[in-house]
Each structure stands twice: as structure tokens, then as C-alpha cells.
Amino acid sequence: MSARDVIVNLRELAARTSDAHGAQRVAWGPIWRKARHWLDGKVADLGLTSEIDAAGNKWIALPGDSTRTVIVGGHLDSVPNGGWLDGPLGVLAGLEALRIHQQRPRPVTLAVVDFADEEGARFSRSLLGSSGASGSLVPDSARHLVDKQGVSLPDALAENGVELDRMTTARDALLARDPRAYLELHIEQGPVLESMQKPTGVVIGAYGVERHVLRFVGQAAHSGSTPIAMRHDAFLAAAEASLAFREIARRYSTAEAGMVCTVGQVSVEPGIVTAVPGVCEISLDQRALEADTLAKALADAREAADLAARNNGVTVEWRHVWRIAPSRFDPRLIELCAEAAREVTGDAPRLPSGPLHDAVEMSRVMPAVMMFAYSSRGLSHCKEEDTPEPYLAQTIDAYLRLVDKAIAWAAAQ
């Protein structure tokens, strides 16, 4: 097994698809297509070919004695100014697994998939290709999306040979593969493994998400002539609510499964230095591993927002943006993942994933698990994203062992 070959390929891809600001492989665009063309060259070197499904996902299959299939996944697309590991690590480790298993007896089929538009960077709709493959995508929910240049999602898809209304037919193609297990290798994108000084983690599941926009409405007024006690300041209400949201997340966090919340967007009207804000909109992103925790935290957030509005003499309205239920990965595959990690690194810490991944969508269809690699300083989605090379090599080796174990497990079914 050669972790070194995977790392060489990762650096080659980064050199071809990055600039001084980081990776630029935004899905559906020319640099992303260049990355996929590069991947096709690597696939051809193995004497294999790729195919694209109705959702735009790229598949490479190595047939075995059985149609039962172990699927290894990842994504080549990146956010703008992204890193060299987020996404491609899983795809290129999968490519190495194909190379290794070409030289071995294969009781089952092994397939690698490069999912399209995992990041959702251009149209703000993550997991697009994998949700098409799982069948969970509702085309009408994405039809209206446009990018910053005003290009619609359906038009961008069409430019890449994908038809929005046919994307969910990719589920039929996936089921036809007789899928038995889905494996995904990814960097953690957070600081937990670094805090433990562990190279590799076993992912037990992914947080569910509740995402809303809150609109606080008060009254704009002159900042010089309006006494503090007589103001209806929408921004202060939003700020008070935001601090309460943080305390709610702290209250529901546990050592086993934390909870997080983020207010990542704030806009005020009229937005001038001499006016009390009459309107303030904020985003609220809440995430937890347990569905009950997420529901309770959302209910508490509504109460906190109502209280902040009353305290500041304003009103508040909620607009739902998106939600996805928490996902628990397969306990049998988690144990295999832990075995593989311990064999290489001596330990197998278990942790949840706060970010979403294609494995969440695949877990709707088949048993799934993820393995995490250490993230330096917990950074991702930026050019500083990194993993120390010795740790990265250990994790790749552990993952390739997991592929072996999953193949044996699928063959025994």
C-alpha cells in the first residue's frame, strides 16, 4: 500500500487547480472540469474508465466475482480559495485502493465515486450530487437558485450535461450496483484530533442542522436625538438573541456529543452611522448529533428571540432555510474502522462530524462510515488547510486497511 502515491497525487492536483489564494475547483466550473479531466487520466493509467450518472457524479468501478459493491467516495470540488485535502483526499485514496486491488482476488466489486458539488459553494446547496444519488433531492427546492453572476443552477447543470429534473434517477443506477458499504476519508476540518495529538479518528455520525433567518423589526431613528430608553433598536435585539443562542449551545453540549450554533450573517437597515437600526436580519445555524437535542435547542432559541424582541421593543419573524436530520453511521463499519485505525496508529478516538459530508446521503441507502485525518490548527476551507505528512500517511494506510476489511465483510454477507 502506498500512502506516498496518494500524497503525490494530491499535491499534483493542487498544483494544477490552485492559485496563490488556494484551490479553485468550484463545482460546475472550468477548473473543476479540468480536475475531473486530470482524474480521468489517472484512471486511464490503471486501464479503467469512468462514467457519469444522472446527478453528475463520476464513477470508476473495478469488477469482482460478485456484483455486491463496496463504494469509496469523496469529491474533487472545493470552495473558492480552498485547501488541498478537503474532498480529493477521499477520491485519491480510493484511486489507490483500486490500484492495489487490481493485483488481488476480488470477491466483490470495488467502486470509487467523485460526488458532484459536495460543497455547494456556487449555489449554496451542499451535497447536491450525493442527494441526487440517494434520491433525497427535491428538484423544485433547487430550481430557483442562482449564483452571484445571476446564472441559474439548471443552466449551470445543463452546461455540464446534467438535467435537474433527472438527477434523482441516479438512485436507480446506485441501487443497480448492489451497494453494501460506503466508506469516506476526509480531514476533520476541526481541532479535536489535534487537541488529542491523534492522527486518525473514527466518525460515529454527522450533526443534524437547523438553519433559519431571523428578521427583527423596530423603528429607525436619529442616533443623536433618540434617548436610549426610547429606542426600538433591531440590532440590539438581534445581538441579545445571538448571545442567548450561544448559551443554549453550551447548555446542550456534552462530552459525548457537543452542540454548536453560529450567527454567520448580519445585515442592518438603514445601515448608516447616524441611524438607530430599524431592521436587522441574522442567520442562525444550529447543529447537534441528537435529533431531540436539536429540537429542544431550536425551541429554546425561539423563546430567546421572542424575549430579546420584547426587551428591545421590536418584533421578530423566522424564516426556515434548510434542515437535515442527524445521521448515525453503521455500528459494524464503525468497529471495522476502529480496528483499522488501531492497527496503524495504536488508537481509534471516536468523534462526530459537525460539517456535513456525502456519507450522510449515502447512509440513507447503505451502511456507511467515515474516517477523519488530523487538521492542522483545525483549519479548512482556506489555503492554510493542512495535515502533517506523517499523520496523513498513517491515516491513508489505516483507510486502505478499512477498505480491505469492508471488502471481506461485504463478501461474507
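The values are calculated or read from the model by the stated rules, or taken from the named source; none is laboratory data. As the structure is a prediction and not an experimental result, all values here were calculated from the model. Glycine also receives a Cβ, built like all others from the backbone with ideal geometry; neighbour counts cover every protein chain displayed. Surface accessibility is based on the protein's heavy atoms, side chains included, excluding ligands, DNA and RNA. Shrake-Rupley method; radii C 1.70, N 1.55, O 1.52, S 1.80 Å.
Kindly indicate whether any position in the stretch 125-138 is at pLDDT 95 or above and more than 23 Å from residue 364 (Cα to Cα). Steps first, answer last, please.
Here is the first cut: in the stretch 125-138, the ones at pLDDT 95 or above are 127-138.
Okay, now just the ones that are also more than 23 Å from residue 364 (Cα to Cα), so none.
Within the stretch 125-138 (the criterion being at pLDDT 95 or above and more than 23 Å from residue 364 (Cα to Cα)), the answer is no, since none of the residues qualifies.
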- [ ] Go through (1) surrounded by fewer than 18 Cβ atoms within 10 Å (Cβ to Cβ); (2) closer than 22 Å to residue 124 by Cβ one by one and return the number of the condition residue 349 breaks.
- [x] (2)
Task: Failed item in (1) part of a loop (DSSP other than H, G, I, E, B); (2) of a type outside the set (Ser, Thr, Tyr); (3) crowded, with 18+ Cβ neighbours inside 10 Å, with residue 340 passing the rest - done: (1)
Open item on the list: Looking at the stretch 305-319, can you tell me whether even one residue there is in a helix (DSSP H, G or I), basic (Lys, Arg) and out of contact with any strand residue (DSSP E or B) (no Cβ under 7 Å at 6 or more places or on another chain)?
Closed with: yes
- [ ] For residue 405, indicate whether it is modelled with pLDDT of 95 or more, open to solvent by 10 Å² or more (accessible area, probe 1.4 Å) and not in a helix (DSSP H, G or I).
- [x] no
- [ ] Could you tell me which numbered condition residue 141 fails, if it satisfies all but one of (1) modelled with pLDDT of 95 or more; (2) over 26 Å from residue 38 (Cβ atoms); (3) of a type in the set (Ser, Thr, Tyr)?
- [x] (1)
Open item on the list: Consider the stretch 1-35. How many of its residues are of a type in the set (S, T, N, Q) and more than 27 Å from residue 151 (Cα to Cα)?
Closed with: 2
Open item on the list: Every residue in the stretch 224-263 that is more than 23 Å from residue 283 (Cβ to Cβ) and free of Cβ contacts under 8 Å to residues at least 40 places away in the same chain, please.
Closed with: 225, 227, 228, 229, 230, 254, 255, 256
TODO: Output the qualifying pairs, or none if there are none: Cβ atoms under 9 angstrom, residues six or more apart or on different chains, first residue in the stretch 284-307 and open to solvent by 60 Å² or more (accessible area, probe 1.4 Å), second residue of a type outside the set (A, V, I, L, M, F, W, C) and assigned to a helix (DSSP H, G or I).
DONE: 290/252; 296/252; 307/240
- [ ] Check the stretch 194-211 and report whether any residue there is over 19 Å from residue 363 (Cβ atoms) and modelled with pLDDT under 95.
- [x] yes
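Conditions (1) surrounded by 21 or more Cβ atoms within 10 Å (Cβ to Cβ); (2) among the aromatic types (Phe, Trp, Tyr), marked per residue:
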| residue | (1), (2) |
| --- | --- |
| 247 | no, no |
| 262 | no, no |
| 274 | no, no |
| 282 | yes, no |
| 312 | yes, no |
| 318 | no, yes |
| 330 | no, no |
| 353 | yes, no |
| 363 | yes, no |
Open item on the list: If a residue must be farther than 26 Å from residue 125 by Cβ and either among the charged types (D, E, K, R) or surrounded by fewer than 19 Cβ atoms within 10 Å (Cβ to Cβ) (or both), how many such residues does the stretch 193-216 contain?
Closed with: 5
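Looking at 412, 325, can you tell me which residue is free of Cβ contacts under 8 Å to residues at least 60 places away in the same chain and open to solvent by 50 Å² or more (accessible area, probe 1.4 Å)? Give the derivation first.
Numbers: 325 fails: free of Cβ contacts under 8 Å to residues at least 60 places away in the same chain.
When all the criteria are applied, what remains is 412.
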